[in-house]
Structures are given as C-alpha cells and as structure tokens.
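Participant: Can you keep this structure in mind? I'll have questions shortly.
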Amino acid sequence: MFDASAPFQHRQSAHCESGVVSNLLTHRGLPMSEAMAFGISASLTFAYMPMIKMAGMPVIAYRMFPGSIIRGVEKRLKMKWERRQFSDPMAGAAALNAHVAAGRPVGLQTCIYWLPYFPEEMRFHFNSHNIVVYGREGEDYLISDPVFEETTRCDGASLNRARFAKGDMQAKGLLYYPAEIPSEIDYERVIKSAIRWNYKTMNGPVPIAGIRGIRFLGRNIVKVSKQANAEKYLPLYLGHIVRMQEEIGTGGAGFRFLYASFLQEAGKLLNNEAMKQASTAFTDAGDEWRRFALRATKMCRGREKMDVDVLEAQLNRVADREQAMWAMLRGL
Amino acid sequence: MKADEVPQDPSKTHAGIRKLLYAVDERGEYGGVKSAGWDVENYVTLAAVDELNRQCEDALARARAGETSPLEYHMYHRRMDLATLSATTGIWAWRVKRHFKPSVFARLNERMLARYAFAMGVASDELRQLPPANV
C-alpha cells in the first residue's frame with residue numbers, strides 16, 4: 001500500500017528520465033524497475049537528425065525526445081502526472097517549497113551546467129536533465145539524481161538557475177509528480193502495446209529513422225569521409241557519434257542493453273518465450289554497437305587505419321541484428 | 001555485454017563517479033553494473049573537450065590581437081557555442097556575431113551586456129576583460 005510517510009528511496013539508474021520516473025512511481029506505491037519504465041514508454045529509437053544540431057553536428061538519437069518516457073508511461077499505464085511549468089522563477093521556487101513542506105518528492109527538469117554537484121568534466125549546457133527533490137535542510141535541497149550513486153544536495157539559488165535556464169528544450173521550471181495511479185494494471189496489454197509501438201518506430205519507412213536510419217548513418221560516414229575537410233572533421237564526427245551512444249547516460253550501447261533488460265523482465269512476467277529470446281538477440285545487437293564504438297575510436301586514435309567501409313559494414317551488421325530481433329517480436 | 005566485461009577503466013571524465021550500465025551475469029540474467037569508465041568513452045569525451053579548448057584559446061588569441069571581442073572568448077570559456085549563447089540569451093545569432101566585432105562590443109549598453117552576463121553567470125565587468133596573459 002502507498003505510505004506517504006515512507007522515506008524516498010534513491011536507486012541509481014543508467015538514464016535520468018527513466019530513473020526519475022521509476023523511482024517516483026515506486027515511491028508512490030507502484031514498484032517499477034528503470035528498464036520497465038523505459039520499455040513501456042516505448043522510448044527506444046534510432047534517428048539521424050541533420051536538422052537538429054548539437055555542438056554543430058547532427059543529433060544522433062537512440063531514444064525519443066526528452067519527456068517521452070514521462071508521457072509514454074502516463075499513456076500506457078493510464079496514470080496521471082501532475083505537471084507544472086512557471087513563467088516566474090519565484091513562483092516556481094515557491095511551488096517547490098510547498099511540495100517539500102508537504103513531504104512530497106517531485107521530479108524537476110534542469111540544466112546540467114548550473115548544478116554545482118556535477119563535476120567540472122561533466123558540465124555542459126543540456127536543458128533536459130531530470131532529478132528528484134525529496135527534502136530540504138537549511139539552504140540546501142536534498143536531491144536524488146538518478147545517474148549518481150548516492151543522493152546529493154544543491155543550494156536553492158543554483159537549483160532555481162538550473163530549472164529556469166533558457167535555450168533549446170528549456171524546462172520553464174517543469175515540476176511533476178504522480179497524481180493518480182490505477183489500482184490494477186494489465187501488464188500483458190501494457191507491455192504488448194508498448195512493444196508493438198516500438199516495432200513500428202524501428203521498422204518505419206523513414207530513411208533516417210529506425211533500422212533504415214542505422215544503415216543511413218553508415219552511408220553518411222562514407223559520404224563525410226569524401227568531404228574536403230574530412231581529415232579534421234571525420235574524427236570529430238565519429239567521436240560525436242560514439243559520445244551520443246555511450247556518454248550521455250544510456251546504460252551502454254545507446255539504450256540497447258536497457259531495452260534488452262526490459263524484454264527479459266517482460267518475458268519472465270508474462271512467461272513469454274519470444275520476449276526472452278528477443279532479449280538475448282538484442283544483447284547481441286548492443287554488443288555490435290559497442291564493437292562499432294571501439295573500432296571507430298581506434299581509427300580516430302590512429303591505432304587502426306581509418307577505413308570508413310569497415311565502419312559502414314559494422315553498422316550494417318548492427319542493423320541486421322536489430323532487424324532479426326524485431327522479427328522475433330512481430331505479430332505479438 | 002557480460003557483467004565481467006563491463007569496462008572498469010579509470011577515467012578522468014568520470015571524476016570518480018561510477019555510472020550504471022546494464023549487463024548479463026553468467027546465468028544470462030540482466031542487472032545493473034557500476035562502471036568506473038570506458039577507455040573509448042574517455043577518449044572521445046576528452047577529444048571533444050580538447051576541441052572546445054582549442055576554440056577557446058583561438059578566440060583568446062584573436063581577442064588579444066583585437067580581431068574579436070572578449071565576448072567570443074567568454075562564450076567558449078563557458079562551454080557554449082554561437083547557437084547556445086543565442087538560445088540562452090534570446091539574442092539573434094546574427095546580433096551575437098555582430099557583437100563579436102570589437103568596435104561594436106565596445107559600444108554595447110549595460111542592459112545588453114547584462115543579458116550576456118546573466119546567461120553566462122558572470123559579472124558584466126568580467127565580460128569586458130580577458131584573463132591575464134601569463135595564465
């Protein structure tokens with residue numbers, strides 16, 4: 001049963017948004033793993049997005065847009081988040097204080113750069129970092145940042161700065177918490193509809209998205225290698241791809257291992273062999289992603305001859321593995 | 001990835017923080033495994049940071065030579081680029097670029113300067129200065 005007075009449990013997660021969602025739901029009396037939250041939100045994807053730039057290079061996304069885990073879970077579980085944004089930072093701070101005083105842990109969207117507990121090496125301008133505030137001691141807010149091993153603290157001025165940083169995907173002080181949770185959840189329906197949805201996004205007709213997108217990226221690397229400035233740009237570009245895949249809290253291999261973990265958990269819960277086998281197959285796909293990262297980085301470092309055809313072949317291997325995995329889940 | 005294959009390479013970019021990865025144990029069961037870092041990830045992150053530092057030093061040199069305003073140096077110094085600075089200040093990119101001209105920057109009014117200063121979290125006065133040459 002839901003016990004509002006129970007202390008908030010911090011669980012480290014691979015990814016901030018799935019971590020906050022699963023931790024808040026668990027606190028609210030609906031135990032949920034990070035993998036399950038990620039899976040049922042159907043947030044896995046692949047997309048090469050030349051129209052959106054990050055540090056001057058095209059965004060390569062392994063998950064759907066920020067906010068999609070929060071919304072996806074809401075839609076499939078038929079639960080409700082209370083969500084508020086503020087035009088006035090003072091009103092945002094006051095609302096947070098009211099929740100803290102009521103003893104209610106809330107999720108916040110923040111900009112990493114302004115959070116002082118982040119080490120210098122990890123600070124960059126990224127507006128969609130999710131954290132939980134679960135209390136206050138003096139001037140400091142008590143923070144459960146799911147990508148950290150332990151809970152931490154943040155002073156009020158910095159926290160407000162991080163919540164109201166402007167720019168792309170700005171948070172506008174976004175604050176959220178679960179308001180309504182259904183008493184019964186039909187996991188069979190929820191999980192199957194999430195997997196079917198994800199099947200569609202990964203097997204769609206758009207050339208830069210899903211499995212076709214992975215192959216597109218391979219061709220794109222070859223194309224970039226023929227540019228006049230390739231000698232300088234290509235290593236930076238490859239490094240950028242690997243960073244998007246590994247560095248930004250993905251649980252390894254661009255969320256592939258996290259999703260494989262979801263498939264395994266779902267397979268056990270529903271006693272579904274196809275899901276269990278798909279989990280193993282997706283682990284293989286993740287391993288191929290890691291091999292791609294290793295190869296590409298070796299070439300950038302000059303420990304292996306730069307050969308874009310090898311990289312393209314490796315990405316095609318990734319795409320083959322992912323394709324085989326989704327075929328197992330067809331007609332679920 | 002197997003749990004015992006999860007890389008544990010000490011990485012400067014992790015700053016002592018262990019990240020959570022998902023991996024399978026010897027029975028094929030998935031679980032979270034803490035990783036001290038991966039050599040591959042460490043390398044690409046440092047390469048990206050190096051590139052930023054190079055742009056920053058380049059801007060500093062040009063600012064000293066009077067070819068650009070201190071604003072461009074401070075922008076890189078705060079790990080921003082033109083797109084980020086424009087988005088966080090709400091000032092159009094072409095205007096920001098114009099403010100990189102030393103002659104234009106010198107005539108900037110306090111209000112405009114304050115917008116930049118706020119977005120970067122520094123004092124307005126600091127924006128007009130460059131770090132001493134020996135640092």
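Participant: I'm trying to understand the selection: among the residues of segment A:124-157, which are assigned to a loop (DSSP other than H, G, I, E, B) and either more than 18 Å from B:R18 (Cβ to Cβ) or acidic (D, E) (or both)?
Facilitator: A:F124, A:H125, A:F126, A:N127, A:S128, A:G138, A:E139, A:D145, A:E149, A:E150
Participant: Follow-up question, since we're still on this one. Whether any residue in segment B:64-71 is β-branched (V, I, T), in the same structural domain as B:L108 (by TED's automatic domain parsing), assigned to a loop (DSSP other than H, G, I, E, B) and in contact with a Phe, Trp or Tyr (Cβ under 8 Å, 6 or more places away or on another chain) is what I want to check.
Facilitator: Checked segment B:64-71: at least one residue is β-branched (V, I, T), in the same structural domain as B:L108 (by TED's automatic domain parsing), assigned to a loop (DSSP other than H, G, I, E, B) and in contact with a Phe, Trp or Tyr (Cβ under 8 Å, 6 or more places away or on another chain).
Participant: While we're on this one: In segment A:286-298, is there at least one residue being more than 24 Å from the chain's Cα centre (by Cα) and either at the interface with chain B (Cβ under 9 Å from one of its Cβ atoms) or touching a residue at least 24 places away in the same chain (Cβ under 8 Å) (or both)?
Facilitator: yes
Participant: Let me spell it out: the conditions are (1) outside any loop (DSSP other than H, G, I, E, B); (2) touching an Asp or Glu at 6+ places or on another chain (Cβ under 8 Å); (3) within 14 Å of chain B (Cβ to nearest Cβ), and A:R11 meets all of them except one. Which number is the exception?
Facilitator: Going through the list (1) outside any loop (DSSP other than H, G, I, E, B); (2) touching an Asp or Glu at 6+ places or on another chain (Cβ under 8 Å); (3) within 14 Å of chain B (Cβ to nearest Cβ), A:R11 breaks only (1).
Participant: A follow-up question, please. Going by what's in this entry, would A:Y199 be described as part of a helix (DSSP H, G or I), within 14 Å of chain B (Cβ to nearest Cβ) and of a type in the set (F, W, Y)?
Facilitator: no
Participant: Among the helices (runs of 4 or more DSSP H) contained in segment A:15-121, which hold 1 or more residues that are touching a residue at least 40 places away in the same chain (Cβ under 8 Å), within 12 Å of chain B (Cβ to nearest Cβ) and in contact with a strand residue (DSSP E or B) (Cβ under 6 Å, 6 or more places away or on another chain)?
Facilitator: In segment A:15-121, the matching helices (runs of 4 or more DSSP H) lie at A:16-27.
Participant: Mind checking whether some residue in segment B:51-74 is in contact with a Lys or Arg (Cβ under 6 Å, 6 or more places away or on another chain) and within 11 Å of another protein chain (Cβ to nearest Cβ)?
Facilitator: No, that holds for no residue.
Participant: Being over 23 Å from the mean Cα position of the chain (by Cα) and without any contact (Cβ under 8 Å) to a residue 24 or more places away in the chain is the filter here, so list the residues in segment A:225-250 that pass it.
Facilitator: Matches in segment A:225-250: A:K226, A:Q227, A:A228, A:N229, A:A230, A:E231, A:K232, A:Y233.
The values are calculated or read from the model by the stated rules, or taken from the named source; none is laboratory data. These figures come from a predicted structure and were not determined experimentally. So basically every Cβ, Gly included, is an ideal-geometry build from the backbone, and we count neighbours across all protein chains shown.
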